[in-house]
Every structure is written in structure tokens, then in C-alpha cells.
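One structure is given here, and the rest of the page talks about it.
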């Protein structure tokens, strides 16, 4: 079968994606849709259908690569045309931000092209080393306090503060990667984050990443045939994490506001580690009993379309987390430097708990848990 031969349904989806992309982003949106469609028709870097326990159609793992290449191209074009005139850092972006994003993205790209090339322990060590280099070169990013009693006493010491910051960043990357199978989930969170960062701070880098994530969000939600992959999840998550640390240290955003914006990956990684520890499993081994897996099971019972169930899963969770921060920011509910956002974050945690317990475990994970208990 010719991979470039599109069915009538595929043509309708592609037409809708092109219209939305051009409407929101202009000519570059049209180019992006064509390139992403081409990538999905290639045989390399294919994602296993059942990898995340949620995707049910063949897909490519190179969506994040497309975002990162496209964003870099937009930055270069702006510099060449004279639209970006900042100096003092490569294209207005601090050198160690480039180190963090490119180092994590390249590590993920190795896995996208040839899965399981790097064992989990080596990937973990690699991410730790990348962030260690970043924070040694850019020590101002490491927080000395965040307003939590007990934790602040640890952050007061340079060594423990560095260790905790690295643990947070590595955990954030892993959480972003495990949620990649839900259409629109991490792309929606990344888009909201980069949009808020751009509106509040400006900068060509944030504008380019916001545009790239927005275009990918359209393609990912409608087609379901292109995922971020490890390169995208690691690269974009490292960019968001480093930007969040920078903005917090600069007093541009408060910790509670950033917690609301990035609620899902932060809550999910902590809950997943605690859940695995309680059933006697390694906290580092992956499974398919995350909130997005449980929400997906609910939507699968409501809709015949597998892609619709998947996309509604991602959009509903992204909307309830980063979407709330975006609406609150645009509506100016409270200052983004205020602590009022803490109440919103507590509410998000409560909603997470209710949905997680009421949705019930996916069948596949019930079976895997039974195997672990029998051992």
C-alpha cells in the first residue's frame, strides 16, 4: 500500500488542519502541516501503538523534532531579516538554556530513532549530568527558597538546593514523556506555558516555541499520528523547567502560579512514584495507570472514535491544569506574582484525586499489578 495515498477521511482531516494552521499562524502554518503530514508517512522513528496504553493508531515519534527544528528556523529567519537585534546571548537565549534543551533533546532523539538504545539508568544519568552542567554554569537558576516550610531549610544550603533542583527537573522531563501518548496533553501544556512566557516577558525564542507548539497541537489533536517523542518531550520540558526557574528567580512569576500552570506533570510524577512504591514496584519502572490512562478508559466507553477519545483525554486534562492558568492570566484574576494561586493549585490536586479514584484502573494495569503481587 502506498503510504502517501490518503483516504477521504485523511484528506478531510488534513484540510481542517491546514485551515486552522493558516488561520492562526499564516503561511508558516501551511508549510508546517505539509511537513508534519510527510513525517507521519515515513517508516523510521515509528511509535509502538500500545507504548503509552492510550494511543491506538500507528504514529511517528518525530513531532518534537519538527517543533524544535521549526522553532530554530523561525529564530534564524528573524535574525537574518533583522527582526531580532538582541545581543549578548545566542539569538537572545542564554547559552546554558541552549545546553539544557539541546542536550536533553539529543538524548531523546537517540531513543526516537532506535528505541532502547540507552538503558533507563543511562538516560537518567545523562539527564542528571546535563542539568548539573547547566546549573554549575548558570547558578542563579537554583532557588534558595520557595515558601514551603521544611523544604526552604534544605534549599538554604547550596548543595542540597542543587540536588533538589536537579531531581525536580529530571522528574519533570520523565513526567512529560510518560504523558506524551495523550493527544494534546503535553503539547497543550507547553503551548500555554510558552504563550504566557511570551506575553509576560517577550522574546523571539518564546514566540517561536509557542508557534511551534501551537501548530503541533493542531496536528496532534486532529490526526493523532504524530507524537512529541523523547526528543520533543525532553527538549521542550527542559525549556519550560529552566524558564520557570528563571522567571521565579527574577520575581516575574510566583511559585503558586507556576504550580497551577504545570500542575499535571508535577502531580502525576509524585503520585506515580508513591503508587509504585506502595505496591512494591520500582518507582522508576513505567506503567499505564496514570490519570490520563484512566480518563482515556472513560472516554473510550463514550465514543466509538479512538482518536476522539484520546484527544478529549489530553485536552480535558490540559484545559483543567495549564488551561486554567492561561484563562486566569488573560483574565487577570490575580497578579502572577501573588500567592492567591495556591488555592487554585490545591483545587487542582483535589480534582486529580477525585477523578483518579473514581475512574478506576485500566484493565491492563490491573493485570500487571496482579502479576507483581503474585511474584
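The values are calculated or read from the model by the stated rules, or taken from the named source; none is laboratory data. Since the model is a prediction, treat every value here as computed from it, not as a measurement. So basically every Cβ, Gly included, is an ideal-geometry build from the backbone, and we count neighbours across all protein chains shown.
The residues listed here are 136, 189, 166; of these, the one that is out of contact with any strand residue (DSSP E or B) (no Cβ under 8 Å at 6 or more places or on another chain), in a helix (DSSP H, G or I) and buried (at least 20 other Cβ atoms within 10 Å of the Cβ) is 189. The set of residues in the stretch 52-99 being farther than 25 Å from residue 202 by Cβ and at pLDDT below 85 consists of 52, 53, 54, 55, 56, 57, 58, 59. A count restricted to the stretch 303-351 and to residues that are free of Cβ contacts under 8 Å to residues at least 24 places away in the same chain, in contact with a helix residue (DSSP H, G or I) (Cβ under 7 Å, 6 or more places away or on another chain) and surrounded by fewer than 17 Cβ atoms within 10 Å (Cβ to Cβ) stands at 1. One residue stands out in the stretch 211-259 among those that are on the phi > 0 side of the Ramachandran plot and touching a helix residue (DSSP H, G or I) at 6+ places or on another chain (Cβ under 6 Å): the one that is surrounded by the most Cβ atoms within 10 Å (Cβ to Cβ), namely 229. Only a single item in (1) surrounded by fewer than 24 Cβ atoms within 10 Å (Cβ to Cβ); (2) within 22 Å of residue 168 (Cβ to Cβ) is not met by residue 288, and it is number (2).
One line per residue, one yes/no per condition, for (1) within 15 Å of residue 265 (Cβ to Cβ); (2) outside any helix (DSSP H, G or I); (3) modelled with pLDDT of 95 or more; (4) in contact with a strand residue (DSSP E or B) (Cβ under 9 Å, 6 or more places away or on another chain):
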position: 289; (1), (2), (3), (4): no, yes, no, no
position: 296; (1), (2), (3), (4): no, no, no, no
position: 300; (1), (2), (3), (4): no, no, no, no
position: 329; (1), (2), (3), (4): no, no, yes, no
position: 346; (1), (2), (3), (4): no, no, yes, no
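Do we find that residue 26 is within 20 Å of the chain's Cα centre (by Cα), modelled with pLDDT of 90 or more and either surrounded by fewer than 17 Cβ atoms within 10 Å (Cβ to Cβ) or more than 19 Å from residue 307 (Cα to Cα) (or both) in this structure? So residue 26 does not fit the description; no.
Put simply, of 166, 222, 267 the only residue that is without any contact (Cβ under 8 Å) to a residue 40 or more places away in the chain and over 26 Å from residue 79 (Cβ atoms) is 166.
Scanning the stretch 228-258 for residues that are part of a loop (DSSP other than H, G, I, E, B) and more than 18 Å from residue 140 (Cα to Cα) gives a single hit, 228.
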